[in-house]
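Worksheet for the structure shown next.
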């Protein structure tokens, strides 16, 4: 009986079985390398599945807050419309969160494009900080290390 029926646990169990039962039977070094590479991908997927919803839901307000501030400061209707379209729903279903994340990312990109075009240094620096946060979160997800202040989305 699976006591922890999560995507990450299922993937970890698959990797464990491949390591224990399949890897020892492979004698071809090229096949061993291929299997090892596939197991790395499975481990990365297990790590991502633990955190991706939490990370996306944590980043969405950052993107929308930035875009909303840009819209308020510039009066740009395109950025304001992107913010309105980017509001986060309540669903924790991965595909719904991904949709929310994509809309919020579009709002952020629209706002960032505007501040880059107008060379607004304060907003550019703030946007770059948000992009650094995003890269740190992506690294944490792929390495399997939880980002500080985030819990497993």
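Structure data summary
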{"read-out": "For the chain, calculated [θ]222 nm from helices alone, where every DSSP H run of n ≥ 4 adds -39500 (n - 2.57)", "value": "-26000 deg cm²/dmol"}
{"read-out": "Full-extension gain in nm, residue 121 to residue 139, via 0.36 nm per residue minus C-alpha separation", "value": "3.8 nm"}
{"read-out": "Once the Cα gyration tensor of region 1-64 is diagonalised, semi-axes √(5λ) in Å", "value": "32, 16, 4"}
{"read-out": "Which of 16, 52 has the fewest Cβ neighbours within 10 Å, and the rest in rising order", "value": "16, 52"}
{"read-out": "Hydrodynamic radius by Kirkwood, which averages 1/r over all alpha carbon pairs of region 7-143, in angstrom", "value": "17.2 Å"}
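FYI, it's all coordinate maths here, none of it is from the lab. Keep in mind it's a predicted model, so treat the numbers as computed, not measured. Methodologically, a virtual Cβ is constructed for each residue, glycine included, from the backbone with ideal geometry; neighbour enumeration extends over all protein chains shown.
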